[in-house]
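Notes follow the structure.
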Amino acid sequence: MTITGTSTTTRYMRDREKAARITAPLRPFAGRAPDATPEEADALQRALLERDEPSAELVRAIRRDRTVTLAQFRTALAEGIDAVPDAPPVLRKYFEMLEDTPDWVDRDRIALGARTLRRVGSDVGDVLAYGSLLGGYNNSGPLPVLTSSGRLTGERTRRRIAETGTWWNGCVADGGLERFGEGFKLSVHVRLMHAFVDYHHEHDGEWDTEFRGLPVNQFDQAGTLGLFSITFLLHTRVLGVRYTRREAEAVLHLWAYVGWLMGVDPKWLRFEERAGLRMMYQIGSSSPAADENSYMLARSLVELPLHTRYPRFQALRRRYEYERGLSLATTLLGPSGVLALKVPLRPPWYPVGRFAVNVVKHHVVGRFPSGKAWLQRHGEKQLRDAQLRILDGEIPDVVPLPE
């Protein structure tokens, strides 16, 4: 990865007091000395100005040099680089890099991590929505990238969440991260899409790199990956889900490989929870506070149930799901994290009930082989049902690449 443009950005630690309040719930889990050392702080600041260079090179070949076509990329992704007649050198180099799997990748661990995540069942969607996605809006740095497309506001919020679910389900499917598995292909697709977004904003003349860092940078990519892996484990435990140490490490191993596939620099991959929580605390406590973009995106997310169609008792169900989401958000993010987004606070009535249910399921039933097998089947069925339900039976693809 290379540093581009200016050597510093004013975004880092711009709102340290506000950020400290928001990340306070995470601090006790981040070790005895969670604050960044001078060396760690320097690396975090540099990460704001580092991009996924191999993908940037490929996008330049597509957009600027016209030496590679998207049709060639799609063929190489779906069938392998040898299926592309006279494959351009830059495209061949890109796929050779992707297929040169790091020595640390353990396929058995990935399989265990995938099974473990599928066992979580319906809590997956709740935690990703009200913990990971909503919590991520407290970092306002990259949000203009999201709001400029309009894909996470209004009615399009539901489709974007469904598209993210398609990618997530592909990553945790059996064999999903093998070379021609859906998780592998979708992760590489999203990686290149991010590089297109970065290229577009860097060249539109309006993006302020000195103020925000690069549009798609290593700091934000590491933080986003951590929301899907490190804080996901913490938040599901808050709801009563149980993991053995081996299972938790397998989950982190799976997401480390996904992160590598998606262009996250290996120095930001975490294989141990405490180290991961420390990194997430440092990222959160140095991020710029919520702004108008944050408020708009947060409102679209928490009000989504109020615009959802339900087959029965629609008015009552809409109000219940809305209140349930606010209760989850308040518990997972803490009052400061929710108030910073101008989202209403609610008592933890739903998480308390869910915790009680999950303690019985995961801490009692799940300790027996037959009970764990039942939990696995039940969780996987819940995930399939949720995938079909969110768009009334339609299972969308991920965001398409620009033509």
So, in the range 37-69, exactly how many residues are assigned to a loop (DSSP other than H, G, I, E, B), over 23 Å from the mean Cα position of the chain (by Cα) and either under 18 Å from THR9 (Cα atoms) or not β-branched (Val, Ile, Thr) (or both)?
3
Among THR244, THR236, the single one that is under 30 Å from VAL352 (Cα atoms) and surrounded by fewer than 22 Cβ atoms within 10 Å (Cβ to Cβ) is THR244
Consider LEU391 against the criteria (1) at pLDDT 95 or above; (2) surrounded by fewer than 17 Cβ atoms within 10 Å (Cβ to Cβ); (3) in contact with a helix residue (DSSP H, G or I) (Cβ under 9 Å, 6 or more places away or on another chain): it satisfies all of them except one. Which criterion is unmet?
(1)
Set GLN387, GLN314: member being closer than 16 Å to LEU128 by Cα and not hydrophobic (A, V, I, L, M, F, W, C)
GLN387
What are the pairs, 6+ residues apart or on separate chains, where a residue within the range 342-354 that is over 10 Å from ALA329 (Cα atoms) and modelled with pLDDT under 95 has its Cβ under 9 Å from a residue that is among the aliphatic types (A, V, I, L, M) and surrounded by 14 or more Cβ atoms within 10 Å (Cβ to Cβ)?
none
Can you tell which of ARG299, ARG309, ARG319 is modelled with pLDDT under 95 and over 21 Å from VAL124 (Cβ atoms)?
ARG309
Can you list residue pairs whose Cβ atoms sit under 8 Å apart, with the first residue in the range 104-122 being crowded, with 16+ Cβ neighbours inside 10 Å and at pLDDT 95 or above and the second being part of a helix (DSSP H, G or I) and of a type in the set (Asp, Glu)? Count only pairs 6 or more apart in sequence or on different chains.
ARG109/GLU249; LEU112/GLU247; GLY113/GLU247; THR116/GLU247; ARG118/GLU380; ARG119/GLU380; GLY121/GLU380
Being among the charged types (D, E, K, R) and outside any helix (DSSP H, G or I) is the filter here, so list the residues in the range 254-271 that pass it.
ASP265, ARG270
Would you mention how many residues in the range 233-273 are among the aromatic types (Phe, Trp, Tyr) and in contact with a Ser or Thr (Cβ under 6 Å, 6 or more places away or on another chain)?
1
If I ask for residues that are surrounded by 19 or more Cβ atoms within 10 Å (Cβ to Cβ) and among the basic types (Lys, Arg), which ones from the range 47-100 would you list?
ARG51
Please enumerate the residues belonging to the range 171-212 that are more than 30 Å from LEU383 (Cβ to Cβ) and not in a loop (DSSP other than H, G, I, E, B).
ASP198, TYR199, HIS200, HIS201, GLU202, HIS203, THR209, GLU210, PHE211, ARG212
Do we find a residue being closer than 21 Å to PRO25 by Cα, touching a residue at least 60 places away in the same chain (Cβ under 8 Å) and out of contact with any Leu (no Cβ under 7 Å at 6 or more places or on another chain) anywhere in the range 299-316?
no
Only unsatisfied item for GLU249, checking (1) under 24 Å from GLY141 (Cβ atoms); (2) part of a helix (DSSP H, G or I); (3) in contact (Cβ under 8 Å) with a residue 40 or more places away in the chain, is (1)
Identify, by number, the condition in (1) outside any helix (DSSP H, G or I); (2) under 15 Å from the mean Cα position of the chain (by Cα) that PRO215 doesn't meet.
(2)
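The values are calculated or read from the model by the stated rules, or taken from the named source; none is laboratory data. Note that this is a predicted model, so its numbers are computed, not measured. Ideal geometry is used to build each Cβ from the backbone, glycine not excepted, and the neighbour counts take in all protein chains shown.
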